[in-house]
Amino acid sequence: MGLSRRAFHGALSGVGGTLVLTGFRKVMAGFGAVGTTAPEQVVERLEELGLLDGWSSEARRVLTAGAHLAYGVGTGTVLGLLRRECGGAVEEASVGSALGVLAWGVGWASWLPLAGVHLPPWKQQTPKVLLPILDHVVFGAAWGLLYRAMRPDRV
């Protein structure tokens, strides 16, 4: 499959993975185990910088949801470009989970701390770091299964 098709299927799978992650977070919220997401933290940082002065709370919620979806689509696109071969369902869920954790590590150890959103993971307490890792495992597994389902060359 060509590069553009892999990117396209990756992006679509990113939408699906984001929706699955959103559902997972709602379940976790029912248990009281949810912290703020990276998109929420980015919007909070924009507020601190005064870049959202005059924005209504509804507009901020839409911005947060848009940032969450954009992150999922962007991540899915990159994962699609990285994933050249296609295996069985278990393999794709596993590879997707590993790639999801890789995406977490890249973001949480580079651009999020550089943007002043939060500290890098090695400077945070373990419970604060564990849920985002689990989030990215869930996102990645859903992404991998959806990406596999769309590929014409799946086994």
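The ratio of the alpha-carbon radius of gyration of the chain to the globular-protein estimate 2.2 N^0.38 Å is 1.08. Of the peptides 77-90, 50-63, the order by per-residue mean of other Cβ atoms within 10 Å, starting with the highest, comes out as 77-90, 50-63.
Evaluated with a Cβ-only charge set (Lys, Arg +1; Asp, Glu -1), region 3-150 carries a dipole of roughly 320 debye about its Cα centre, given to the nearest 20. Of the residues Ala29, Ala70, Ala103, the one that moves most in a GNM of the chain with alpha-carbon contacts below 10 Å is Ala29. Taking Glu92, Glu40, Glu48 in turn, the Gaussian network model of the chain (Cα-Cα springs below 10 Å) assigns the largest fluctuation to Glu48. Membrane-span-like helices in the chain (whole DSSP H runs, Cα extent of at least 20 Å along the helix axis, mean Kyte-Doolittle hydropathy of at least 1.0): 89-106. Principal axis extents of the Cα atoms in region 72-155, from largest to smallest and rounded to whole angstrom, are 42, 22, 15. Think of the chain as a dipole: +1 on every Lys or Arg Cβ, -1 on every Asp or Glu Cβ, centred on the Cα centre; then among Ala33, Val138, Leu112, Val138 lies furthest on the positive end.
Considering only alpha-carbon pairs that sit under 8 angstrom and 6 or more positions apart, the relative contact order computed for region 3-150 is 42 percent. In this label model, Glu47 and Leu114 are separated by 2.6 nm, measuring between points 7 Å along each Cα→Cβ vector. Stretching Val90 away from Trp55 to a fully extended chain increases their span by 8.2 nm, per 0.36 nm per residue minus the current alpha-carbon distance.
The numbers here are math on the coordinates, done by the rules we state, and not lab data. What you see is a predicted model; the values in this text were computed from it and never measured. Ideal geometry is used to build each Cβ from the backbone, glycine not excepted, and the neighbour counts take in all protein chains shown.
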